[in-house]
Amino acid sequence: MKLNSRTGMLAIAITFLAFKVNAQTIPKEELIYLTSDWKGERFPDGRPKIPDELLERAKHIGIEEAWTILNNEGYHCQFDGGWKMVHDDVPIVGRALTAAYMPSRPDLEKNIKDRGAKQGRKGNTNAWAIDMLSKGDVYVADGFGKIAEGTLIGDNLGNSIFAKSGNGVIFNASSRDLDGLRAIKGFNAYVRDWDPSYLKDVVLTGLNTPIRIGRAIVMPGDLVLAKSEGVVFIPAHLAEKVILTAEFISLRDTFGIQMLKEGKYSTGEIDNQWTDKIKEDFLKWLDKNPGKIPMSRAKLDDYMKSRTW
């Protein structure tokens, strides 16, 4: 029985490894299938392409609101915290381009690099995802939490990443050259730690595939929202709903705070189910403050029709 059990476990491990190697770049049809709830535009490789307008609006929503909305939708594994950053005050917002790394072994790494060379890929495997980046992308990588000799980038690759994407990185791994990365204006990196070592015994096994980042799952094309609290990965098909709902909550809170400061309503009234009078005053406040509304008024009005307040 022990032999059969061990044989079975070995077979599972070999099957998993074969899948990872074959899934270095996920087939377009598979990616479209896995993200079939997304009905919008896609990149040529099949990755959902969230509109730039939504990316810009997402910069102004909070982690807590996004997490709460996703949690209410049944998405309970989309946040991870415990990061070290280049800058505490530079958020990262964009579309996820994912990569998975594993401990290397000579035969596997040789085969992966040989096939990569035939596909026109150049350099070490940690540079392959960088070559695929476009404006608005966020390089999200699972480096199995490796710190020493797990430094996926330094300042050279950091400059290349920012030049291609105008964005930063999220690594379940480490990075090096912190001072050099700090010098890249607008760039940020969320990593597990900093280390002076060079990358060693690490190989790319998945590119544009579903990956795990701590306690979160990330799909290619997810909306990445990274702020000081941590990182939330918003499924592409829920991006607009999360953003719109978070924007409404922000408007509601801004109005409520103003009413409290003016003494028009009590804390108990604002922090409870709103009366028809408060709702009426809120609508009047919106009319007087169109500049505070981040979405179109038509979208806001349509959203409020289904809102339970």
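Do we find that Lys200 is surrounded by fewer than 17 Cβ atoms within 10 Å (Cβ to Cβ) and touching a residue at least 24 places away in the same chain (Cβ under 8 Å) in this structure? Here the answer is yes, as Lys200 does meet what is asked. Within the option set Tyr198, Tyr190, being at pLDDT 95 or above and in a strand (DSSP E or B) holds for one residue only, Tyr190. Say whether the condition of being surrounded by 19 or more Cβ atoms within 10 Å (Cβ to Cβ), farther than 23 Å from Phe43 by Cβ and touching a Ser or Thr at 6+ places or on another chain (Cβ under 6 Å) is met by at least one residue in region 65-74. Yes, there is a match, as at least one residue in region 65-74 is surrounded by 19 or more Cβ atoms within 10 Å (Cβ to Cβ), farther than 23 Å from Phe43 by Cβ and touching a Ser or Thr at 6+ places or on another chain (Cβ under 6 Å).
Considering only residues in region 222-239 that are within 8 Å of the chain's Cα centre (by Cα) and within 16 Å of Glu53 (Cβ to Cβ), the one that is surrounded by the most Cβ atoms within 10 Å (Cβ to Cβ) turns out to be Leu225. When only residues in region 108-149 that are assigned to a helix (DSSP H, G or I), among the basic types (Lys, Arg) and without any contact (Cβ under 8 Å) to a residue 12 or more places away in the chain count, which is surrounded by the most Cβ atoms within 10 Å (Cβ to Cβ)? That would be Lys110.
Report, by residue number, each residue of region 240-284 that is of a type in the set (Val, Ile, Thr) and either under 33 Å from the mean Cα position of the chain (by Cα) or surrounded by 13 or more Cβ atoms within 10 Å (Cβ to Cβ) (or both). Selection gives Val242, Ile243, Thr245, Ile249, Thr254, Ile257, Ile270, Ile278. Look at region 224-239: where a residue is in contact (Cβ under 8 Å) with a residue 40 or more places away in the chain and farther than 13 Å from Val138 by Cβ, no partner that is in a strand (DSSP E or B) and of a type in the set (Lys, Arg) sits 6+ places away or on another chain with Cβ atoms under 6 Å.
The values are calculated or read from the model by the stated rules, or taken from the named source; none is laboratory data. All values reported here derive from a predicted model rather than from experimental measurement. A quick note on method: Cβ atoms are made from the backbone with ideal geometry, for glycine too, and the neighbour counts reach across all protein chains shown.
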